Amino acid sequence: MTGTAPQGPFALTGPIARPEPGQVPLRGDLAHIGLAGKHFVPHYAVPQPRAVLPGGAPLYADPDDTSQELCTLLEGDSFEVLDVSREWAWGCLSLEGPVGFVRHDRLEFPGG
């Protein structure tokens, strides 16, 4: 031990302000790979782009049809899927957001 703190782009330098929910693809357990080095979480995901199907899709704050609708994704929009759970996909339109949940049956997945 040298008694000095690590230096470089991944040195822990202290707390930073946590972004508002829905602004950047960041959860306590998972973040977009583009946030590595900026936010520390146990896992980072490489986004899997999926096209929004005809008719569009609501983007929700939580995986629940009764939660706040953040916006409506348009047919053909590319949604970056970071996590899938049951009938919901969590992800973003871009690294800058918006971030939320979409029913995965509203997204084009390989093999149906």
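The values are calculated or read from the model by the stated rules, or taken from the named source; none is laboratory data. Because the structure is a prediction, the values reported are computed rather than measured. Cβ atoms come from the backbone with ideal geometry, glycine included; neighbour counts cover every protein chain shown.
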Discussion item. Quick check on the stretch 79-90. Is at least one of its residues modelled with pLDDT of 95 or more, of a type in the set (Asp, Glu) and assigned to a strand (DSSP E or B)?
Written reply: yes
Fill in: Of residues in the stretch 35-61 being small (Gly, Ala, Ser) and over 15 Å from PRO98 (Cα atoms), the one surrounded by the fewest Cβ atoms within 10 Å (Cβ to Cβ)
GLY55
Worksheet item: Would you call ALA5 on the phi < 0 side of the Ramachandran plot and at pLDDT 75 or above?
Response: no
Worksheet item: Can we say GLY111 is part of a loop (DSSP other than H, G, I, E, B) and either at pLDDT 95 or above or acidic (Asp, Glu) (or both)?
Response: no
Practice prompt. Would you tally the residues in the stretch 68-112 being surrounded by fewer than 19 Cβ atoms within 10 Å (Cβ to Cβ), in contact (Cβ under 8 Å) with a residue 12 or more places away in the chain, closer than 14 Å to GLY22 by Cα and of a type in the set (Asp, Glu)?
Written response: 1
Item to complete: Please go through the stretch 82-95 and pick out each residue that is closer than 20 Å to GLY28 by Cβ and out of contact with any helix residue (DSSP H, G or I) (no Cβ under 8 Å at 6 or more places or on another chain).
Response: LEU82, ASP83, SER85, ARG86, TRP90, GLY91, CYS92
